[in-house]
1. Among (1) 8.0; (2) 9.6; (3) 8.6, which is the computed mean projected area of the Cα convex hull in nm²?
2. Measure nothing but the geometry: give the 0 to 90° angle between the long axis through the Cα atoms of 60-87 and the longest principal axis through the Cα atoms of the chain, rounded to 10°.
3. If I fit a long axis through the Cα atoms of helix 31-56 and take the longest principal axis of the Cα atoms of the chain, what angle between them do I get, 0 to 90°, rounded to 10?
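Where a number appears in this text, it was derived from the coordinates with a stated rule and is not lab data. Just so it is clear, the structure is predicted and the values come from calculations on it, not from any experiment.
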Amino acid sequence: MARGWDSKAVEDQQSAAETEKARRSRPALSARERDIQSKRDGLMLARAKIAADLEAASDPRYRTMLGQALAHIDAEIGALQADSATTA
């Protein structure tokens, strides 16, 4: 039984070391780049939820509303990408 726990501990240490190595290899982002990335990540999560809701919706009015929300989020994502392209 103890051997299983030891293996798990070693696996966790290796995983933590790989994660730390990956974190260090990424280039440091400026505060503005981090802000843009954070907003983009939030918008992508919201987009995924709205898309899932749209697939499950059956009421035409609700589907229309979700479609408009999806278009709005896509526009915001596009604006963020254009903004990040001009700062890069």
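1. Checking each listed value against the structure points to (2).
2. 60 degrees
3. Helix 31-56 and the main axis of the chain meet at about 70 degrees.
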